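Just so you know, all these numbers are worked out from the coordinates, no wet-lab data involved. In this text the structure is predicted, and so the values were computed from the model without any measurement. Cβ coordinates were reconstructed from backbone atoms using ideal geometry, including for glycine residues, and neighbour counts include every protein chain displayed.
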């Protein structure tokens, strides 16, 4: 199950019902469509921006990218990834964004029917120009939402 922890401005931790509180984080992720993806292996590190679809039921991102890209080659050697999902508001009080950490895997043909359907529903062009489909199983999320107060954060951890 998933646990949500909200941090108040004074650093006090409050446990909140996972079903009730997951909505703002998951709702935000479903409204966005581009994530930053950071990966590394040995002494090489790289970031990329990718279109994604969020799977709330499995708490996962699905994305398409070539296995020949620099970031894919790194991910095939080290599946631990991190990144962000955020907008670009001009007003600091409207900032919202996600930092995430997870494990990425290249989906095999037999495991990608439902994820591919989700992805092509969001990005129909992927039916025409298809690339390998990847899954990021999210292990940790941090949601910053300044609309609720400057520096207001919520954390989610896979349990």
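May I ask you to derive the relative contact order of the chain, considering only C-alpha pairs under 8 Å and at least 6 residues apart, and to give it as an integer percent?
27
Against the longest alpha carbon principal axis of the chain, how many degrees, from 0 to 90 and to the nearest 10, is the axis of helix 113-122 turned?
70
Tell me, rounded to the nearest percent, the portion of alpha carbon pairs in segment 51-130 spaced more than 15 Å apart.
Percentage above 15 Å: 66.
Can you divide the C-alpha Rg of the chain by 2.2 N^0.38 Å and report the result to two decimal places?
Here the Cα radius of gyration is 1.08 times the empirical estimate.
At 7 Å along the Cα-to-beta-carbon direction for both residue 137 and residue 88, put a label point, then send me their distance in nm to one decimal.
In this crude spin-label approximation the distance works out to 3.5 nm.
Given segment 96-149, what whole percent of its Cα pairs are spread farther than 17 Å?
Numbers: 765 of 1431 pairs.
The share of Cα pairs beyond 17 Å in segment 96-149 comes to 53 percent.
When ranked by the protection proxy of mean other Cβ atoms within 10 Å per residue, highest first, what sequence do the peptides 84-95, 26-37, 123-134 form?
So the peptides 84-95, 26-37, 123-134, ranked by packing, come out 26-37, 123-134, 84-95.
Quick check: the angle from helix 18-31's long axis to the longest principal axis of the chain, C-alpha only, nearest 10 degrees?
50
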